[in-house]
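Peer 1: Got a structure for you, written out below as structure tokens; questions coming shortly.
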Amino acid sequence: MRYINYAGRAALAVADGYVDLERASRGRFPSEPMAVYARWTEFTTWAGAWLDAPDASLVQPLVSERIGPPVPMPNQILAVGVNYRGHAEEAGIALPAEPMVFTKFPSAITGPFSTVSLPPGSVDFEAELVVVIGTGGRHINAATAWNHVAGLTVGQDLSERETQLRPPAPNQFSLGKSFAGFAPIGPYLVTIDEFANPNDLQIGCSLNGQEMQKARTGDFVFSVPELLESLSTVVELRPGDLVFTGTPAGVGWTRDPKQLISPGDELTTYIEGIGLMRHTFTAGTTTASERKAAGK
């Protein structure tokens with residue numbers, strides 16, 4: 001099943017377009033895209049039955065650019081650093097013994113086909129598999145962790161490296177990764193039953209048509225079940241929460257010379273079995289203090 005936020009309304013993506021959830025369910029489920037996560041088991045049971053006997057008269061044409069983030073207002077966004085062996089190697093970092101966790105703030109969420117305003121500094125790309133929680137809880141066991149997942153989506157952990165890495169130590173990653181538009185997700189939330197092996201998916205991104213990252217999630221240091229078990233020992237995971245699972249090798253910051261995002265660039269990001277996001281970038285407006293620091 002493919003769940004989408006279509007023009008701000010909850011919907012199902014189908015072969016020939018999309019179906020508005022409120023209309024197809026005759027009001028059983030509301031149009032608000034976030035509302036379904038609190039009733040995820042009920043929703044998937046209903047959706048499975050509907051998809052087995054669809055009403056073709058309800059199917060409408062789908063325009064990709066009208067697809068919004070499948071989780072527009074998550075309560076929590078947890079993110080994991082150094083979770084691909086290849087990325088650890090390129091960064092010269094030893095493999096972590098425990099997941100390295102930071103946050104992205106919910107105000108950074110944007111859709112899969114949007115324009116992002118670049119803040120001053122050095123903005124980098126990080127293609128990521130994003131896990132959406134369906135059934136929350138604490139102390140989730142890795143053996144049953146997939147049962148807590150609503151589905152998977154494509155993400156970008158956009159990062160302004162100067163803010164992320166500025167002193168004093170230890171660096172505070174969260175602000176540098178939470179500018180407006182720095183957490184694009186989409187286009188679809190795809191349920192786990194759609195994947196032959198959700199533990200091993202191809203992922204990648206291209207900048208202006210040049211391939212930057214290409215890997216498989218089988219290169220994870222910590223698998224999705226292991227991450228959910230670890231995170232839930234501290235945090236209560238809740239329906240609609242997001243877990244950004246880390247980025248593979250190929251980020252711009254570690255290249256020589258560095259290859260970062262500039263105004264006018266186009267970034268495409270994909271994951272096998274889920275879909276593709278496309279983002280363009282514009283120059284942001286500097287603040288008075290930034291202009292003063294630059295002597296302007």
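Peer 1: So which of Leu227, Leu189 is in the same structural domain as Phe125 (by TED's automatic domain parsing) and more than 26 Å from Leu62 (Cα to Cα)? Walk me through it before giving the result.
Peer 2: Working: Leu189 fails: more than 26 Å from Leu62 (Cα to Cα).
Result: Leu227 is the single residue among Leu227, Leu189 that is in the same structural domain as Phe125 (by TED's automatic domain parsing) and more than 26 Å from Leu62 (Cα to Cα).
Peer 1: Hey, among the residues in segment 162-199 that are of a type in the set (Ser, Thr, Tyr) and closer than 20 Å to Trp146 by Cα, which one's nearest to the chain's Cα centre (by Cα)? Lay out the reasoning, then the answer.
Peer 2: Of the residues in segment 162-199, the ones of a type in the set (Ser, Thr, Tyr) are 163, 174, 178, 188, 191.
Now restrict to residues that are closer than 20 Å to Trp146 by Cα: 188, 191.
Numbers: Tyr188: 10, Thr191: 15 Å.
If we take residues in segment 162-199 being of a type in the set (Ser, Thr, Tyr) and closer than 20 Å to Trp146 by Cα, then Tyr188 is nearest to the chain's Cα centre (by Cα).
Peer 1: Separate question: If Gly121 passes every condition in (1) in a helix (DSSP H, G or I); (2) of a type outside the set (Ser, Thr, Tyr); (3) under 23 Å from Asp265 (Cα atoms) but one, which one does it miss?
Peer 2: All conditions are met except number (1).
Peer 1: Is it the case that some residue within segment 26-37 is in contact with a Lys or Arg (Cβ under 6 Å, 6 or more places away or on another chain) and of a type in the set (S, T, N, Q)?
Peer 2: Of the residues in segment 26-37, the ones in contact with a Lys or Arg (Cβ under 6 Å, 6 or more places away or on another chain) are 31.
After this cut, where a residue has to be of a type in the set (S, T, N, Q) as well, the list is 31.
Within segment 26-37 (the criterion being in contact with a Lys or Arg (Cβ under 6 Å, 6 or more places away or on another chain) and of a type in the set (S, T, N, Q)), the answer is yes, since at least one residue qualifies.
Peer 1: Considering only segment 145-171, state which residues are among the polar types (S, T, N, Q) and touching a residue at least 12 places away in the same chain (Cβ under 8 Å). It would help to see each step written out before you state the result.
Peer 2: Taking segment 145-171 as the starting set, the residues that turn out to be among the polar types (S, T, N, Q) are 147, 153, 156, 159, 163-164, 171.
Once the filter is applied, which keeps residues that are among the polar types (S, T, N, Q) and touching a residue at least 12 places away in the same chain (Cβ under 8 Å), segment 145-171 yields Asn147, Thr153, Gln156, Ser159, Thr163, Gln164.
Peer 1: Which one is modelled with the lowest pLDDT, of the residues in segment 124-161 that are closer than 18 Å to Ala79 by Cβ and in a loop (DSSP other than H, G, I, E, B)?
Peer 2: Filtering first and then ranking leaves Gly136.
Peer 1: Still on this structure, I have one more. Out of Val71, Val19, report the one residue that is outside any helix (DSSP H, G or I), closer than 28 Å to Arg278 by Cα and in contact (Cβ under 8 Å) with a residue 60 or more places away in the chain. Break it down stepwise before answering.
Peer 2: Working: Val19 fails: in contact (Cβ under 8 Å) with a residue 60 or more places away in the chain.
After ruling out the rest, the residue left standing is Val71.
Peer 1: Moving on to the next point. Would you pick out the residues in segment 98-134 that are surrounded by fewer than 21 Cβ atoms within 10 Å (Cβ to Cβ), touching a His at 6+ places or on another chain (Cβ under 8 Å) and under 16 Å from Ser230 (Cα atoms)?
Peer 2: The answer is none; no residue qualifies.
Peer 1: Determine whether segment 86-100 contains at least one residue that is assigned by TED's automatic domain parsing to the domain that holds Pro263, outside any loop (DSSP other than H, G, I, E, B) and under 12 Å from the mean Cα position of the chain (by Cα). Full working, then the answer.
Peer 2: Taking segment 86-100 as the starting set, the residues that turn out to be assigned by TED's automatic domain parsing to the domain that holds Pro263 are 86-100.
Now drop any that are not outside any loop (DSSP other than H, G, I, E, B), which leaves 86-91, 100.
Now drop any that are not under 12 Å from the mean Cα position of the chain (by Cα), which leaves none.
Scanning segment 86-100 turns up no residue that is assigned by TED's automatic domain parsing to the domain that holds Pro263, outside any loop (DSSP other than H, G, I, E, B) and under 12 Å from the mean Cα position of the chain (by Cα).
Peer 1: When you scan segment 230-238, do you find a residue that is of a type in the set (S, T, N, Q) and either within 22 Å of Ser114 (Cβ to Cβ) or assigned by TED's automatic domain parsing to the domain that holds Ala7 (or both), even just one? Outline the logic, then answer.
Peer 2: Initially, segment 230-238 is screened for residues of a type in the set (S, T, N, Q), giving 230, 232-233.
Keeping just the survivors that are either within 22 Å of Ser114 (Cβ to Cβ) or assigned by TED's automatic domain parsing to the domain that holds Ala7 (or both) gives none.
Within segment 230-238, none of the residues are of a type in the set (S, T, N, Q) and either within 22 Å of Ser114 (Cβ to Cβ) or assigned by TED's automatic domain parsing to the domain that holds Ala7 (or both).
Peer 1: Working only within segment 13-28, note down all residues that are over 15 Å from Arg66 (Cβ atoms), surrounded by 12 or more Cβ atoms within 10 Å (Cβ to Cβ) and among the small types (Gly, Ala, Ser).
Peer 2: Ala24, Ser25
The values are calculated or read from the model by the stated rules, or taken from the named source; none is laboratory data. Only a predicted model underlies this, so the values are computations on that prediction, with no experimental measurement involved. As a convention, Cβ positions derive from the backbone with ideal geometry for all residues, glycine included, and neighbour counts pool all protein chains shown.
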